[in-house]
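A short worksheet on the structure shown next.
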Amino acid sequence: MRTRQQGIGLPAAIFIITTMAVIAVAINVLVRENAETFEEEVNLARAFYAAESGAGFMMNRVFPPEEYSAYAGSNCAARTYTFDAVGLAQCTAVVTCTTITVSSVDYNTIESTGSCGDVERTIQVRAVK
């Protein structure tokens, strides 16, 4: 008469392999999500700096430096800037400017929206002329 083998070796091996596979898949998902989050954070920072640069360019047009008299009389017209510098490559800034006059004082509001990839950042600058 043959005796039946008893043991836990095969079920334990299957359980361990299955558990390790689940852990590997979970780690893969976490790493992918972390990489996507990091890329979005980098693009958000790039979009912010594009918006800031656009606002700075418009401030230079509205309030030209004294040594650049050719800029004098530049108006507050909307502009779009496309950047090709390292760090801002493929980013754009759409800048609008509105002027409100109160008691003979011009108040300028510059709004700049920077875009990099699929993210945008908007900043506003208010200045008195």
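The values are calculated or read from the model by the stated rules, or taken from the named source; none is laboratory data. All figures in this text were calculated on a predicted structure; none of them were measured in a lab. Every residue, glycine among them, receives a Cβ derived from its backbone with ideal geometry; neighbour counts consider all protein chains shown.
Tell me, which residue of segment 19-41 that is among the polar types (S, T, N, Q) and farther than 27 Å from Arg121 by Cβ is modelled with the highest pLDDT?
Of the residues in segment 19-41, the ones among the polar types (S, T, N, Q) are 19, 28, 34, 37.
Add one more test, that the residue is farther than 27 Å from Arg121 by Cβ, and what stays is 19, 28.
On the way: Thr19: 95, Asn28: 91.
Only one residue tops the list, namely Thr19.
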Inset, instruction - Could you check Leu88 against (1) at pLDDT 90 or above; (2) over 21 Å from Thr122 (Cβ atoms) and say which number it fails? - result: (2)
Inset, instruction - Given the conditions (1) at pLDDT 90 or above; (2) of a type in the set (Gly, Ala, Ser); (3) more than 20 Å from Ala127 (Cα to Cα), report the number of the one that Ala50 does not fulfil. - result: (3)
Inset, instruction - Find all pairs meeting these conditions: Cβ atoms under 9 angstrom apart; at least six residues apart or on different chains; first residue within segment 77-90 and without any contact (Cβ under 8 Å) to a residue 24 or more places away in the chain; second residue part of a loop (DSSP other than H, G, I, E, B) and surrounded by 10 or more Cβ atoms within 10 Å (Cβ to Cβ). - result: Thr82/Gln90; Asp84/Gln90
Legend entry - Hits in segment 1-59 - residues which are farther than 29 Å from Cys91 by Cα and touching a Gly at 6+ places or on another chain (Cβ under 9 Å): none
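Can you give me the ranges of the strands (runs of 3 or more DSSP E) entirely in segment 12-129 with at least 3 residues that are hydrophobic (A, V, I, L, M, F, W, C), surrounded by 12 or more Cβ atoms within 10 Å (Cβ to Cβ) and under 12 Å from the mean Cα position of the chain (by Cα)?
Values: elements: 79-83, 91-102, 105-116, 119-128.
Hits in segment 12-129: none.
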Inset, instruction - Identify, by number, the condition in (1) among the aromatic types (Phe, Trp, Tyr); (2) closer than 30 Å to Lys129 by Cβ; (3) modelled with pLDDT under 90 that Phe83 doesn't meet. - result: (3)
